[in-house]
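Only one structure is covered here, and it is reproduced in the block below.
The values are calculated or read from the model by the stated rules, or taken from the named source; none is laboratory data. In this text the structure is predicted, and so the values were computed from the model without any measurement. We place every Cβ from the backbone using ideal geometry, glycine too, and count neighbours over all the protein chains shown. SASA here: full protein model, heavy atoms, side chains in, ligands and nucleic acids out. Shrake-Rupley method; radii C 1.70, N 1.55, O 1.52, S 1.80 Å.
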Amino acid sequence: MFWGSLLLVAHTYVLFPVLLERLARGRQQNQNVYRPAAANLPAVDILLAAHNEEAVIEEKIRSTFATTYPLDRLRLLVGSDNSSDRTNALLTSLSREFPQLHFEAYSDRTGKPGVIESLAQQATAPILVLTDANVFFAPDTLYHLVKHFHCQEIGLVGGHIINPEHRAEGISGQEKAYLERENQIKYQEGVVWGSMMGAFGGCFAVRRACYHPAPADFLVDDFYITLAVLRDGYQAINELEAVCYEDVSDRLPEEFRRKARISAGNFQNLKEFRALLLPPWRGVAFALWSHKVLRWYTPLLLLTLLAATVGLVASGGGWFYQLALAGQLGLPLGLLLDAALRRAGRHSRVLRFITHFYSMNAALLLGYWRYLRGIKTTVWQPTQRFQQAK
């Protein structure tokens, strides 16, 4: 139990990224692409679900249409999920300025998957781009997302989301480092196997012919859509040149709430796509096990590791197990020290990473518990972000 748990945690966090980097070395991303000025660039429908996004919605719309992609091949479909702030008024005004913007207001809360599915039913373009209100495009983001669909084997392309700022007093620096690492891992998975493990929901493109909407009771639609593409035999890749910008939450409770929700949704997807886990040496299965499943079960593995270590020490285990137990008990105390220093106005980047690691694993555990109890609703509240905190 001790060595098995330790090896599995080490594999998902250390060994797999190292192995993946070696496998990806010298390999190239798909080169069968549309050229920037090609006359046959496909039409694109952009789908956006919004709820109470008055702080960001105007910047989102303007960044979307400030694009190098031909506007005559572009539509933005927005569903406002019973917004009670100025979101609807802003969208009404912007739709007069941008004829490519089509806006619907829903009088009842539906949840993001339901809104996206309603918009997808209205879509006619061969390429769909799904995005969030707080993710802002660069001028060439849409082109770099869409260019890969010239290759008929590719069904989904993820964007490269960058978090441009962080603050020492919060956890945004740790979130930024985590997301940068995730972007690289997903890019390498696409290069090696054509099997990126889940696009970031804030920005990705999918071929409409292989788009499968998430069921209405699913919490995490982006991961469902990605795995459905892979199940159909298409490739999913990450494009690092498709840059877009997202402001992240700086508040631990906000990020904890978001990750607990995502965790519950991940276990829904795991049950739905469990057939992709076999055989485990196949590219899709190996990436899914290594990058996702073992990470989702890390909280249980850590608890198993602790219980095994306590048992070994109690039964007369040597100094190695005593040292391992001291480390497992001592590291979580870093959370208390980090909290005390934060109250004193001092911030340790190392201690904040410890706080981030353990709190996010606690969120995974809570999400797993909620999944076992049954998902009650897919309705969400936007995470508080920098714009809303200013």
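General remarks:
- The residues in the range 328-361 that are modelled with pLDDT of 90 or more and over 31 Å from the mean Cα position of the chain (by Cα) can be counted, and the count is 0.
- Among (1) in contact with a helix residue (DSSP H, G or I) (Cβ under 6 Å, 6 or more places away or on another chain); (2) assigned to a loop (DSSP other than H, G, I, E, B) - the single one Cys244 does not satisfy: (2)
- Neighbours by Cβ (under 7 Å, 6+ apart or cross-chain): first from the range 137-152, open to solvent by 10 Å² or more (accessible area, probe 1.4 Å); second part of a helix (DSSP H, G or I): Phe137/Ser63; Phe137/Thr64
- Those residues of the range 32-51 which are over 30 Å from Asp221 (Cβ atoms) and surrounded by fewer than 12 Cβ atoms within 10 Å (Cβ to Cβ), in sequence order: Arg35, Ala37, Ala39
- Scanning the range 161-186 for residues that are under 19 Å from Thr131 (Cα atoms) and modelled with pLDDT of 95 or more yields one hit, Lys186.
- Number of positions in the range 291-320 that are within 18 Å of the chain's Cα centre (by Cα) and open to solvent by 60 Å² or more (accessible area, probe 1.4 Å): 1
- Contact annotation: residue pairs with Cβ atoms under 7 Å, 6 or more positions apart or on different chains, pairing a residue in the range 275-288 that is modelled with pLDDT under 95 with a partner that is not in a helix (DSSP H, G or I), are Gly283/Ser195.
- Those residues of the range 98-112 which are more than 14 Å from Ile57 (Cα to Cα), open to solvent by 10 Å² or more (accessible area, probe 1.4 Å) and not in a strand (DSSP E or B), in sequence order: Pro99, Gln100, Ser107, Asp108, Arg109, Thr110, Lys112
- Residue check for Leu76: buried (at least 16 other Cβ atoms within 10 Å of the Cβ) and either under 21 Å from the mean Cα position of the chain (by Cα) or outside any strand (DSSP E or B) (or both): no
- Leu335 falls short on exactly one of the conditions (1) in contact with a Gly (Cβ under 9 Å, 6 or more places away or on another chain); (2) without any contact (Cβ under 8 Å) to a residue 60 or more places away in the chain; (3) surrounded by 15 or more Cβ atoms within 10 Å (Cβ to Cβ), and that condition is (1).
- First in the range 180-207 and within 20 Å of Ala50 (Cα to Cα), second anywhere and open to solvent by less than 10 Å² (accessible area, probe 1.4 Å) and of a type in the set (Ser, Thr, Tyr), Cβ under 9 Å, 6 or more apart: Ala199/Thr226; Gly201/Thr131; Gly202/Thr131; Cys203/Thr131; Cys203/Thr141; Phe204/Thr131; Phe204/Thr226; Val206/Thr226
- Qualifying residue in the range 55-65 (condition: surrounded by fewer than 18 Cβ atoms within 10 Å (Cβ to Cβ), over 16 Å from Thr124 (Cβ atoms) and among the aliphatic types (A, V, I, L, M)): no
- Selection from the range 137-160 of residues that are of a type in the set (Ser, Thr, Tyr) and either at pLDDT below 95 or out of contact with any strand residue (DSSP E or B) (no Cβ under 6 Å at 6 or more places or on another chain) (or both): Tyr143
- Scanning the range 303-326 turns up no residue that is under 28 Å from Lys176 (Cβ atoms) and touching a residue at least 24 places away in the same chain (Cβ under 8 Å).
- Among the residues of the range 334-357, those identified as part of a helix (DSSP H, G or I) and among the hydrophobic types (A, V, I, L, M, F, W, C) are Leu335, Leu336, Leu337, Ala339, Ala340, Leu341, Val350, Leu351, Phe353, Ile354, Phe357.
- Checklist (1) open to solvent by 70 Å² or more (accessible area, probe 1.4 Å); (2) more than 17 Å from Lys259 (Cβ to Cβ) applied to Arg370, failing item: (2)
- The condition (being in a helix (DSSP H, G or I) and either among the polar types (S, T, N, Q) or farther than 15 Å from Asn52 by Cα (or both)) is satisfied by just one residue among Val146, Val115, Val129: Val146.
- In the range 254-262, the count of residues that are in a loop (DSSP other than H, G, I, E, B) and of a type outside the set (Phe, Trp, Tyr) is zero.
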